[in-house]
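Below: the structure, in structure tokens.
The values are calculated or read from the model by the stated rules, or taken from the named source; none is laboratory data. Note that the coordinates shown come from a computational prediction; the quantities given were computed from them, not determined experimentally. So basically every Cβ, Gly included, is an ideal-geometry build from the backbone, and we count neighbours across all protein chains shown. Each accessible area value is taken on the protein alone, full model and side chains, heavy atoms only, with ligands, DNA and RNA left out. Shrake-Rupley method; radii C 1.70, N 1.55, O 1.52, S 1.80 Å.
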Amino acid sequence: MSQEVSTVTLYFAYGLNMDGVAMKRRCPGAKPLRPAVLDGYRFCIGAKGGWGSLLRSPGDTVHGVLWRLSPRDVAALHAYEMVGKGLYSVQYLPVRCAGRPWRAMIYMLRNIRLGKARRGYLQAVIAAARSWNFPEDYIHSLQRLTPAGVPPGRGN
């Protein structure tokens, strides 16, 4: 009789995947562990598609959520993040969660050229950040990425 081995992947979400309802829709088996941080990077918006990504930036920190994923969840996220089509790549980086370092899977745009966020994207990311009680200075840094003069919730 063969025995199935369950592999768990830790995933650091810093964009739309911080939202618990959206993640449950994409990955029903995903379990949020708690907020985490990635040091030495900053959140940015890529020109291709207007999605979030990360840029190496010494001294900066990205706040996000650490999730526990099953292999099925990882496959679903790879499809959602269009890894096979070349939009995002997968990297494994150290994040801090509950005072401990963890190695976590992270999606990053393959070709980073800075651009504008797609309509409603940053508002959804900011709402998720608020729901996890991220520090106000971090939320303000996300708000500064929205175009001037666009009311919250109206897109950009």
(request) Starting from the Cα of Val90, step 7 Å along the direction of its Cβ; do the same at Arg72; then give the gap between the two resulting points in nm. (result) 1.7 nm
(message) If each DSSP helix of 4+ residues adds -39,500 (n - 2.57) and the sum is divided by the residues in the chain, what number results at 222 nm, nearest 500 deg cm²/dmol?
(response) -6500 deg cm²/dmol
(message) Which of Leu93, Leu109, Leu54 ends up with the largest GNM mean-square fluctuation for the chain, with Cα atoms connected below 10 Å?
(response) Leu93
(request) Return one number: the angle in degrees, 0 to 90 and rounded to the nearest 10, between the long axis of the Cα atoms of helix 71-80 and the longest principal axis of the Cα atoms of the chain. (result) 30 degrees
(request) Run the accessible area of the chain with a 1.4 Å probe and give the carbon-and-sulfur part as a rounded percent. (result) 53 percent
(message) Tell me the angle of helix 121-131 to the major Cα principal axis of the chain, expressed in degrees between 0 and 90 and rounded to the nearest ten.
(response) 70 degrees
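Starting from 0.36 nm per residue, how many nanometres of slack lie between Arg100 and Val21 once their C-alpha separation is accounted for? Each step should come with its number before you reach the end.
Values: separation 79, 0.36 × 79 = 28.44 nm, distance 2.65 nm.
Working it through step by step, the gained length comes to 25.8 nm.
Tell me, what is the Rg over Rh of the chain, with Rh the Kirkwood radius over Cα pairs? Provide the component values of the computation, followed by the final result.
Working: Rg = 15.5 Å, Rh = 16.0 Å.
Ratio of gyration radius to Kirkwood radius: 0.97.
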(message) Straight-line reach only, C-alpha to C-alpha below 17 angstrom: list the aspartates and glutamates that Lys24 could link to, leaving out same-chain residues fewer than 8 apart.
(response) Asp73, Glu81
(message) Using a probe radius of 1.4 Å on heavy atoms only, what accessible surface per residue do you get for the chain? Whole Å² is fine.
(response) 56 Å²
(request) Return, ordered by residue number, the residues of segment 52-72 whose backbone nitrogen is under 13 Å from a label point located 7 Å along Cα→Cβ of Ile112. (result) 52-62
(request) Report the trypsin sites (Lys or Arg not before Pro) located in segment 50-118 that are in a DSSP loop and have at most 16 other Cβ atoms inside 10 Å of their Cβ, or state none. (result) Lys85, Arg110, Arg113, Lys116, Arg118
